[in-house]
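Some notes on the structure that comes next.
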Amino acid sequence: MKRAAFHNLGCKVNAYETEAMQQRLKEAGYQIVGFEEEADVYIINTCTVTNIADRKSRQMLHRAKKRNPQAVVVAAGCYVQASKDACEADDAVDLVIGNNRKHEIVSILEAFWQRQVLEDVIDINCTKEYEDMPIVRLENHTRAIVKVQDGCNQFCTYCIIPYVRGRVRSRTLESVWKEAVVLAEQGYKEIVLTGIHLSSYGVDFGEEGKKAELLSLIKELHRISGIERIRLGSLEPRIITEEWVSELCRLPKVCPHFHLSLQSGCDSVLQRMNRHYGTQEYLEKCEILRKFYDNPAITTDIIVGFPGETKEEFLVTKKYLEQVYFFEMHIFKYSKRSGTKAAALPNQIEESVKAERSNELLELEKKMSAAYREQWIGKTVTVLLEELAAVGQVYGWVGYTREYVKVILPVFFKKEEEKIQAGQIVKVKLVGYVTEEILLGEIVVS
C-alpha cells in the first residue's frame, strides 16, 4: 500500500481541494499519513497570491524531497499554474498538476508510475468547466467547507488569481445540495460556503443564473435538516443591497459574520486597483448590514504600500478604517506579481515603508477587535465546540460564536469533559477574557 502525505497552502478553496484529493487517494487504496512522516507521495497544494506564498510553496516542495528523496513530490495548484516552467525545472518536483486537474490526481499518479504522460496543466483561461470534486466525508473538522464556485472576472490590477484560476465557473445547485445533505447526515452543523469570487456564483449560468444566484443557493441549503449554521466566505461589497440583506436576514441559519473585501480606504488608490466601488458606497454597504443585523461581525482585507500610495493616501485609509470599525482586518503588504498591471506601475513602495504602514494598521486592528469583543461580555450566545485545549491557565472546550468570536469553556472534571463533544452547539454566557483574543464562557443550563 502506497503512503501519501498532503500539505495545503493558501485559501479555503485550496483547503477544500486538498481534502478532496486526499479522499480520492484514500478511496484508491493509498494510506494517508502526516506530512512529517515518510511517504511514497507528497502532494503540496500550492499558493501564488503573494511572493511569500511562492516562497512557502517552494520550501514545502523541497522539504518533502529532503524527507524522502525516493518519494514522488507533486506540486499542485496555483503556483504551478503561474510558474509551470519553474516547477518542472525544480529538482525537488517530480510531477506538476494545475488547477482544474486536481480531480484526476489518481489517474495522473497511476500514469506517472507507468511512465505515461497525461495533460496535467491546461490553459485555465480557456475553460468553462467547473471542476466538480465533491467531498463525502471530512477528517478532523467540526465545520465543513463547501466549495461552490471557481475563477474570477474582476481583474484587479494587483491580483494574479484570475490568471491562475480562470473565469467564473459555478457548481450546480444540485451538486452543492447533495454534498451538504451528506455532510449534515454525518453530523456537521455548520457549513462554510466558499469560492474564488463567491459573489459571482451563478452568473455563468446565463438566464438560468437568475434562478441560481448566491441568495437562491443559500435559501435552498437553509432547508437542509441538521445544518444549523451557514457561514459565508468573502463577499464583493456590491452584492450587499437593502433587498438582498432583507431577504438574507430572514434566514436564521446564516451567521451574522460578513467578510467584505475593501483593500484600501482611499478612493484614488481604489481606482488604481481597479476596484469597482468607492469608499462611500462601501460604507453604505456596512450600514445596510448593521441596519438588518444586531452587531454583525464585519471583517475585511487591506493592502498597504500599493504602487504610488502616498503618506497622505495611507492616512486617509487609516482614518476611514476607524470610521467603518471592523471586527477583524487582514493586513497585507503589497506584493508585486509578474503579469499584473500593478507590477508595471511607477512609484513602487519600499519594503520598509510597507512594513511600517502594516504595523500601524495591525495596531489599529488590535484595538478595534478588542472593542468588538468587549460588546459581547455579559451576553448569552451559542458556541460551536471545536476541540479540547489549554489556553493560558484554562483548560476546556474551545469554539466559536455565530459572529466567529473565539470562546473557551473551562472543564474542571473528567465527567464534565465527557458530557459534551466536538461539533455540538451549546448556549453560553460570556463572562470575561482568557486572553486578548479569547473570551471566557459558562454553559447556560436550560
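The values are calculated or read from the model by the stated rules, or taken from the named source; none is laboratory data. Keep in mind that what you see is a predicted model, and the values were worked out from it rather than measured. Counting neighbours? That spans all protein chains shown, and the Cβs are built from the backbone with ideal geometry, glycine included. Ligands, DNA and RNA are excluded from the accessible area calculation, which covers all protein heavy atoms including side chains. Shrake-Rupley method; radii C 1.70, N 1.55, O 1.52, S 1.80 Å.
Some points to look at:
- Remark: the chain carries a charge dipole of roughly 380 debye about the Cα centre, counting +1 on each Lys and Arg Cβ and -1 on each Asp and Glu Cβ.
- The calculated FRET efficiency for Glu351 paired with Gln271, based on their beta-carbon distance and R0 = 25 Å, is about 0.55.
- In percent, rounded to a whole number, the relative contact order of segment 247-321 is 47, using alpha-carbon pairs under 8 Å and six or more apart.
- Modelled FRET efficiency - R0 35 Å, Ala422 with His330, Cβ distances, 0.05 increments: 0.85
- Under the shape rule built on the C-alpha gyration tensor, where the axes satisfy a ≥ b ≥ c, segment 205-343 is prolate, since a/c reaches at least 1.5 and a/b is greater than b/c.
- For the chain, a Gaussian network of Cα nodes joined below 10 Å ranks Ala64, Ala390, Ala342 by mean-square fluctuation, and the top entry is Ala390.
- Net charge, Leu384 excluded, C-beta distance under 13 Å - Lys, Arg +1, Asp, Glu -1: +3
- Listed by chain and number, the lysines whose alpha-carbon sits under 29 Å from that of Lys65, ignoring those within fewer than 8 places in the same chain, are Lys2, Lys12, Lys26, Lys56, Lys84, Lys102, Lys336.
- Segment 81-149 shape via C-alpha gyration tensor axes, a/c threshold 1.5: prolate
- Potential extension, Asp123-Arg250 segment - 0.36 nm per residue separation minus Cα distance: 41.5 nm
- Percent RCO, i.e. relative contact order, over the chain, from Cα pairs under 8 Å lying at least 6 residues apart: 10
- Residue-span extension gain [Glu220 to Glu174] - 0.36 nm each, minus C-alpha spacing: 15.6 nm
- Accessible surface of His330 - all protein chains present, 1.4 Å probe, nearest 10 Å²: 80
- FRET efficiency estimate (nearest 0.05) - Cβ-Cβ, Leu283 to Glu242, R0 22 angstrom: 0.90
- Cysteines without a disulfide-compatible partner [the chain; Cβ-Cβ under 4.7 Å]: Cys11, Cys47, Cys78, Cys87, Cys126, Cys152, Cys249, Cys255, Cys266, Cys286
- Length, then width, then depth: along the principal axes, the Cα atoms of segment 351-412 run 47, 23, 18 Å.
- For the chain, the share of DSSP beta bridges that are antiparallel, to the nearest 5, is 40%.
- The order of the peptides 264-274, 8-18, 354-364 by mean Cβ neighbours within 10 Å, most packed first, is 8-18, 264-274, 354-364.
- Between Ser338 and Asn295, the contour length at 0.36 nm per residue exceeds the alpha carbon distance by 11.4 nm.
- Val182-Gln323 pseudo-label distance in nm [points 7 Å out on the Cα-to-Cβ vector]: 4.8
- Rough spin-label spacing in nm, given labels placed 7 Å along Cα→Cβ, for Val444 and Ala370: 2.8
- Percent antiparallel among DSSP beta bridges (both partners in segment 47-206, rounded to 5): 20
- Three-way shape label, the chain, alpha-carbon gyration tensor, a/c 1.5: rounded
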